[in-house]
1. Within the stretch 125-159, how many residues are assigned to a strand (DSSP E or B) and in contact (Cβ under 8 Å) with a residue 60 or more places away in the chain?
2. Test of understanding: among A177, A165, A128, which residue is within 14 Å of V93 (Cβ to Cβ) and out of contact with any Asp or Glu (no Cβ under 7 Å at 6 or more places or on another chain)?
3. Kindly provide the set of residues from the stretch 154-174 that are more than 21 Å from A103 (Cα to Cα) and of a type in the set (S, T, Y), ordered by number.
4. Since V56 meets every condition but one in (1) at pLDDT below 95; (2) within 30 Å of R138 (Cα to Cα), which condition does it not meet?
5. Assuming E95 fulfils every condition listed in (1) open to solvent by 40 Å² or more (accessible area, probe 1.4 Å); (2) of a type in the set (D, E); (3) in contact with a strand residue (DSSP E or B) (Cβ under 6 Å, 6 or more places away or on another chain) apart from one, which condition is it?
6. If you take the residues of the stretch 104-124 that are in a helix (DSSP H, G or I) and open to solvent by 50 Å² or more (accessible area, probe 1.4 Å), which of them is nearest to T173 (Cα to Cα)?
7. If E146 passes every condition in (1) open to solvent by less than 70 Å² (accessible area, probe 1.4 Å); (2) under 16 Å from the mean Cα position of the chain (by Cα) but one, which one does it miss?
8. Any residue that is more than 19 Å from D101 (Cα to Cα), surrounded by 19 or more Cβ atoms within 10 Å (Cβ to Cβ) and touching a Lys or Arg at 6+ places or on another chain (Cβ under 9 Å) - is there at least one of those in the stretch 175-195?
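The values are calculated or read from the model by the stated rules, or taken from the named source; none is laboratory data. Computed from a predicted structure; not experimentally measured. With ideal geometry, Cβ positions are generated from the backbone for all residues, glycine too; neighbour counts draw on all protein chains shown. With ligands, DNA and RNA removed, areas are computed over all heavy atoms of the protein, side chains included. Shrake-Rupley method; radii C 1.70, N 1.55, O 1.52, S 1.80 Å.
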Amino acid sequence: RRRGVVTTSPRYAVLVVAAWRRLESEDVMKRGGLRWAVTPLVAGAVTLGACTTGGVGLTSPPPAVTTSSSPTLSSAASTTTALTDDEAAIAAVREFSRQFDLALESRATTEFRKTFTDGCRVCKEDAAVIDQAALAGRTFETGSSELSNVIITSRPDPSRWLVSAHLVSPRLTIRDATGKVVSDSPSETSTKQFIVLKRADAWLVEGVTRG
């Protein structure tokens, strides 16, 4: 067992990844699409939510591998900037969250889309929600999300790891094209679980769920 990392058998970890994907798919269909931090436009509004319900039977998170903020990256977390794989995987999660915040602010999702793979259904649907809001003239008023205790919880294989993070989502107010408030959601706190995938020299988010 490595310090700061929860290790499991390869077979168990692979089953965990499969379970997450099944939970993500089933819950999206049952609940109409709760996502990483926003829900689809319903009656002209967007409210804070989460990716899925339920959780996965991992052990309690150990002390974080690193507690310092990751370097500012333009998109995916690259391992070519002198980062170790541990640091780059954690940086990928932080960058995903940062680009999501920027996408809400700008209502442009180009850079946000660079932080996740095509396999992340939740991520793609969040990006589509933001794109729809931009087309409809809606605006998001919010602050920056806060991620802490970002840790690697398992390494199912050399290129696919599991990461846990504590997320504080700020208050989110949505206005329509006339400036009228159509939704006002309070700050929320949750624990998120991420699947991160290494492609070439970069780590990308492949899935997100709630712990």
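1. Initial filter on the stretch 125-159 (assigned to a strand (DSSP E or B)): 139-142, 146-157.
Cutting the leftovers down to in contact (Cβ under 8 Å) with a residue 60 or more places away in the chain gives us 140, 148-157.
Matching residues across the stretch 125-159 total 11.
2. Selected residue: A165, the only one of A177, A165, A128 that is within 14 Å of V93 (Cβ to Cβ) and out of contact with any Asp or Glu (no Cβ under 7 Å at 6 or more places or on another chain).
3. Those that are more than 21 Å from A103 (Cα to Cα) and of a type in the set (S, T, Y): S154, S159, S164.
4. Of (1) at pLDDT below 95; (2) within 30 Å of R138 (Cα to Cα), only one is false for V56: (2).
5. Exception for E95: condition (1).
6. Among those that are in a helix (DSSP H, G or I) and open to solvent by 50 Å² or more (accessible area, probe 1.4 Å), it is E105.
7. E146 satisfies every listed condition except (1).
8. Checked against the condition, which is being more than 19 Å from D101 (Cα to Cα), surrounded by 19 or more Cβ atoms within 10 Å (Cβ to Cβ) and touching a Lys or Arg at 6+ places or on another chain (Cβ under 9 Å), the stretch 175-195 yields at least one hit.
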